[in-house]
């Protein structure tokens, strides 16, 4: 697949969004990822997988990331409008569908979205998609990290006003630990838990839940490789 660079946009702190016009991209679902290949840099640095922050109905593909000195990020940040890059490996199951259907007696499946820092991007895609379809979200979003590493806060607050079935809890001054999670969501056993953030952040909470007897098949992961404890550093 070919993508044409359109623009970049500063979000907060060192977080930037990059927008591309897709060419011949197959149908995809909110929450999925794609591999991007930067031109004119060493192959060892040229590829990186990104979760798509935009929703499928939007004309441009949006990718949000923390700008670092890496050759990939520096090349991405230096693209000019019209520059083309390659994309492949579109996929992933961190999506709205394919979840157990036996969690509630009232027929409502409750989702708990847990995001660490830039791990907010798959949820942003899902939330935008549900709002566009005018479908209730019925989810609680726990958003952890320092202020300067938590983009899209204003949009998320607006989403909770548009759809009151979406609840938002922020964790910037208080660290989101397993203990804090169980305190804030005492009925967590009734939720499908989505976890997106650095591998350490996601595994600490996910495996901690499993250690308390929480069913492993009620947890979905989306690791953001290359980010070490980005939520609170």
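Only residues that are modelled with pLDDT of 95 or more and more than 24 Å from residue 47 (Cα to Cα) were counted in the range 194-204, giving 1. Taking the range 15-37 as the search range and keeping residues that are at negative phi and assigned to a loop (DSSP other than H, G, I, E, B), which one is modelled with the lowest pLDDT? Looking at the filtered set, the residue picked out is 25. Each residue in the range 38-93 was checked for being part of a loop (DSSP other than H, G, I, E, B) and out of contact with any helix residue (DSSP H, G or I) (no Cβ under 9 Å at 6 or more places or on another chain), and 9 of them qualify.
I'd like to check something: does the range 186-195 contain any residue that is in contact (Cβ under 8 Å) with a residue 24 or more places away in the chain and farther than 23 Å from residue 210 by Cα? No, the range 186-195 has no match at all. Quick one: in the range 164-214, of everything that is more than 17 Å from residue 150 (Cα to Cα) and part of a strand (DSSP E or B), which residue is farthest from the chain's Cα centre (by Cα)? By that ranking, first place goes to 191.
Look at residue 221 and say whether it is at pLDDT 95 or above and assigned to a strand (DSSP E or B). Lay out the reasoning, then the answer.
Numbers: at pLDDT 95 or above: no; assigned to a strand (DSSP E or B): yes.
For residue 221, the condition - at pLDDT 95 or above and assigned to a strand (DSSP E or B) - is not met.
Find the residue count for the range 208-223, including only residues that are out of contact with any strand residue (DSSP E or B) (no Cβ under 6 Å at 6 or more places or on another chain), over 18 Å from residue 121 (Cβ atoms) and surrounded by 15 or more Cβ atoms within 10 Å (Cβ to Cβ). Number of matching residues: 3. With respect to (1) within 30 Å of residue 176 (Cβ to Cβ); (2) at pLDDT 95 or above; (3) buried (at least 17 other Cβ atoms within 10 Å of the Cβ); (4) not assigned by TED's automatic domain parsing to the domain that holds residue 197, the lone exception for residue 12 is condition (3).
The values are calculated or read from the model by the stated rules, or taken from the named source; none is laboratory data. In this text the structure is predicted, and so the values were computed from the model without any measurement. Neighbour counts run over all protein chains shown; Cβ positions are idealised from the backbone, glycine included.
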